[in-house]
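The values are calculated or read from the model by the stated rules, or taken from the named source; none is laboratory data. This one's a predicted model, so the numbers in the text were calculated from it and none came from an experiment. In this analysis, Cβ positions are derived from the backbone assuming ideal geometry, glycine residues included, and neighbour counts consider all displayed protein chains. These accessible areas exclude ligands, DNA and RNA; they are computed on the full protein's heavy atoms, side chains included. Shrake-Rupley method; radii C 1.70, N 1.55, O 1.52, S 1.80 Å.
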Amino acid sequence: MDTVSTIILAIGCAIVGFLAGYMIVKSVLLKNNKARILQEALKEGEDIKKEKIFQAKEKFLQLKTEHEQYINKKEGELREKEDKIKSRENAVNQQNSELGRKEKEVEAIRNNLKLQTEIVAKKSDEYEKLRQEEILKMENIAGMSAEEAKKQLVEAMKAEARSEAQSYINDVMDEARINASKEAKRIVINTIQRTAPEVAIENAVTVFNIENDEIKGRIIGREGRNIRALEAATGVEIVVDDTPEAILLSAFDPVRREVARLALHQLVADGRIHPARIEEVVAKVKKQLEDEILETGKRTCIDLGIHGLSLELVKLVGRMKYRSSYGQNLLQHSREVANLCAAMASELGLNSKIAKRAGLLHDIGKVSEEDPDLPHALLGMKMAEKYKEKPEICNAIGAHHEEIEMTSLISPLVMVADAISGARPGARREVIESYIKRLKDMEDIALSYNGVTKTYAIQAGRELRVIVGSEQVSDKDIENLSAEIARRIQNEMTYPGQVKITVIRESRSVAFAK
């Protein structure tokens, strides 16, 4: 046991000695490494310091060089500018001397001219004095003054020329009276007989037929919202009464009535009748009607053999189908005038194609929406000139009511044909035209106010509905607006009974779910 203990004790002492030695050796090595690293860092820092100082010196020298170059450059530019200024000063001085010399020359010329003017004036006085002396000598010899002799000669020549001219004029006028009246009657009678006229059938009411009276309730809608939306969108008064299987569409504008009729037809056929659908269908029908107007214009031009007409003029011709003049359909009237003009032009040996073209276009001013203050003849002439029609056609359009001077032989033909077409029995009814004009003037008065977007005269002119934009007109303003419109209509127009002014302001909020 003592031996084992001794061995164990020896081993333990050996281990402790080994660990102590290891720690001493490690401590010594760590001290040596720290000293070496510190020495290397100091050396590296010194090298970096020297390098940075060297770089700073180089940068300083470079900047100094660039600065000196910049200064030299600016000095050179300044020297150049000084040289230019000096040269300009020299040029200005030279010009001043030249101007001084020229001023002296001009002054000398002015003095010379003044002297010559005095000499000429003196010579003129002498010449006038000599001329007067000669005239007095001649008057003493002739026994009369020069003015009296001139008057006698002129009067004698006038009397002789007047006698000869009057004799020739009388002969020509007698012959013209004998032949012109007979020829004019023959041409007009033959022309009227060759043209098939129509009678005035236009009115202000369209009847829309329905299959049963149940549809009337759907058209009216809950609390009348459908019929109000339809009237607001089309501007037509829709009369739903006890008339079996029929609805009346009342408006003075045939285009609005046609839009309302077609929209009702589509809504009834589709079955979906509500305000949003009504607005959608009315917008679609208006586009379809524009296409139909263009097609009508093209078909009319083809029927009459008129080619090369501007597309805008073709649209105006098609729009005539939905306008009337004193109850006479404007398109039928224009076709009639065109045929009358062509027939008379053929009888007179004129260009029948140009005459027919002028006759067709003579009333386009009535359907144009530009510059409504002009008379329709002058407005039509302006439109024809805008779309490059021939001068004789433009003059015929503008002169067919004698508002401008006629400059071509086609112009009187158009005027005569227009009078023939409008003056024949059954052609026109003036009551309808004055009624339509009164309603149109009423709408125009309301449209002249700011913020008004649409106006509709309904109930045969007893009510005027005015639709305003909600962004431009407030609820407070609409009261003043209705009163102002009523005051103007009362002061400026003549009408039976009373007119109700209804101003409508609607606010909408639209959003899309995507």
Å² of accessible area per residue within region 28-134, as computed with a 1.4 Å probe and no ligands counted: 98
Cβ-derived FRET efficiency at R0 56 Å, Y168 paired with E290, nearest 0.05: 0.40
C-alpha center-to-center spacing [region 435-514, region 237-308] in angstrom: 23
Mean separation of Cα contacts under 8 Å, 6 or more apart, over the residue count of the chain: relative contact order %: 9
Protection-proxy order for peptides 346-353, 252-259, each taking the mean of Cβ atoms within 10 Å per residue, highest first: 252-259, 346-353
Bridge type composition, the chain - antiparallel percent by DSSP, nearest 5: 75
Estimated dipole of the chain in Debye, rounded to 20 [Cβ of Lys and Arg +1, of Asp and Glu -1, Cα centre]: 2260
Over 30 Å (Cα to Cα) - which of K26/K50; K298/K500; K298/K382; K287/K437; K437/K500 fall in this group: K26/K50; K298/K500
Solvent-accessible area, 1.4 Å probe, carbon plus sulfur percent, for the chain: 56
Burial order of peptide ranges 89-101, 304-316 (average beta-carbon count within 10 Å, highest first): 304-316, 89-101
Size of electric dipole in region 216-262: Cβ of Lys, Arg +1 and of Asp, Glu -1, about Cα centre, debye, nearest 20: 240
Mean ellipticity per residue at 222 nm, deg cm²/dmol - from DSSP H runs of n ≥ 4 across the chain, formula -39500 (n - 2.57): -25000 deg cm²/dmol
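So how strong a dipole does region 206-331 carry about its Cα centre when Lys and Arg Cβ are +1 and Asp and Glu Cβ are -1, to the nearest 20 debye? Before the final figure, lay out the partial values.
On the way: 19 positive and 20 negative charges, 84 e Å.
In debye, rounded to 20, region 206-331 gives about 400.
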Structure-derived percent of Cα pairs over 47 Å apart: which label, when the choices are (i) 56; (ii) 3; (iii) 8: (i)
From phi via Karplus (6.51, -1.76, 1.60), per-residue ³J(HN,Hα) for region 331-344 in Hz, x at Gly/Pro: 5, 5, 4, 5, 5, 5, 5, 4, 5, 4, 4, 5, 5, 5
Under 15 Å, Cβ to Cβ, from L38 - net charge with Lys/Arg +1 and Asp/Glu -1: +1
